[in-house]
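If you scroll down you'll find the structure; I have some questions about it.
The values are calculated or read from the model by the stated rules, or taken from the named source; none is laboratory data. Here the structure is a predicted model, which means the values were calculated and not measured. Note that we place each Cβ from the backbone using ideal geometry, even for glycine, and neighbour counts take in every protein chain shown.
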Amino acid sequence: MSGGREGSMKAMTGTDAEQYRERLEDLRQEALRLLDRWNNDMRSVENESSRDSGDQCISHLTRESLYLSASQRRTLLRKVEAALERLRQGTYGMCNTCGDEIQPRRLEALPWTDCCLGCQQDRERDAASPFSPDPHGSWRRAA
């Protein structure tokens, strides 16, 4: 976090925080329900006895699809739970990178976000770059 910027953060009202908490809790419950359903579907697919190679191929593709969906949902669940923790700590709505306020429109669209739009754009640009800085300040090719 940068020094001096934290003071520019508006305090989130109790009503706003409660609305975000309710929305995040709803997202958390939905994610848990979907993960439970996908786990049941996965067990069902694994228990099917496939007789021919075509059935085996379809079964394999179904398992891969369920695994990918569940993996994405688990990632979202972790982000939602982290946002709920930030709410409990009183740091929700503050960018974890620069310390500035995350705009309300961004929080409405992505209530689990932990950074402002500018820092998110920097993250995406860095992730897309074939080069990244090493801890010593020089640049190296990303692995």
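Run CYS98 past the list (1) hydrophobic (A, V, I, L, M, F, W, C); (2) at pLDDT 80 or above; (3) touching a Leu at 6+ places or on another chain (Cβ under 9 Å) and report the number of the one that doesn't hold.
Exception for CYS98: condition (3).
Could you run through the stretch 77-107 and say how many residues are small (Gly, Ala, Ser) and surrounded by fewer than 17 Cβ atoms within 10 Å (Cβ to Cβ)? Outline the logic, then answer.
Pass one, the stretch 77-107, residues small (Gly, Ala, Ser): 82-83, 90, 93, 99.
With surrounded by fewer than 17 Cβ atoms within 10 Å (Cβ to Cβ) added as a condition, the list becomes 82, 90.
Going through the stretch 77-107 one residue at a time, the tally reaches 2.
Is it the case that LEU27 is in a helix (DSSP H, G or I), touching an Asp or Glu at 6+ places or on another chain (Cβ under 6 Å) and buried (at least 16 other Cβ atoms within 10 Å of the Cβ)? Walk me through how you get there before you give the answer.
Working: in a helix (DSSP H, G or I): yes; touching an Asp or Glu at 6+ places or on another chain (Cβ under 6 Å): no; buried (at least 16 other Cβ atoms within 10 Å of the Cβ): yes.
Against the criterion (in a helix (DSSP H, G or I), touching an Asp or Glu at 6+ places or on another chain (Cβ under 6 Å) and buried (at least 16 other Cβ atoms within 10 Å of the Cβ)), LEU27 does not qualify.
Let me ask something else. Cβ-Cβ below 8 Å, separation at least six or inter-chain, first residue in the stretch 83-109 and basic (Lys, Arg), second surrounded by fewer than 18 Cβ atoms within 10 Å (Cβ to Cβ): which pairs?
Once the first residue is basic (Lys, Arg) and sits in the stretch 83-109, its partners that are surrounded by fewer than 18 Cβ atoms within 10 Å (Cβ to Cβ) give ARG106/LEU117.
Restricting the stretch 1-18 to residues that are within 13 Å of PRO111 (Cβ to Cβ) and surrounded by 13 or more Cβ atoms within 10 Å (Cβ to Cβ), which is modelled with the lowest pLDDT?
At the first step, the residues of the stretch 1-18 found to be within 13 Å of PRO111 (Cβ to Cβ) are 12, 16-18.
Narrowing the set further to residues that are surrounded by 13 or more Cβ atoms within 10 Å (Cβ to Cβ) leaves 12, 16-17.
On the way: MET12: 73, ASP16: 88, ALA17: 90.
Top of the filtered list is MET12.
Within the stretch 40-59, can one find any residue that is crowded, with 16+ Cβ neighbours inside 10 Å, out of contact with any helix residue (DSSP H, G or I) (no Cβ under 6 Å at 6 or more places or on another chain) and not in a loop (DSSP other than H, G, I, E, B)?
no
Please specify each residue of the stretch 86-106 satisfying the condition of being assigned to a helix (DSSP H, G or I), in contact with a Phe, Trp or Tyr (Cβ under 9 Å, 6 or more places away or on another chain) and not aliphatic (A, V, I, L, M). Spell out the reasoning first.
Applying the first criterion (assigned to a helix (DSSP H, G or I)) to the stretch 86-106 yields 86-89, 104-106.
Applying the additional criterion that residues be in contact with a Phe, Trp or Tyr (Cβ under 9 Å, 6 or more places away or on another chain) yields 86-87.
ARG86 - this is the single residue of the stretch 86-106 that is assigned to a helix (DSSP H, G or I), in contact with a Phe, Trp or Tyr (Cβ under 9 Å, 6 or more places away or on another chain) and not aliphatic (A, V, I, L, M).
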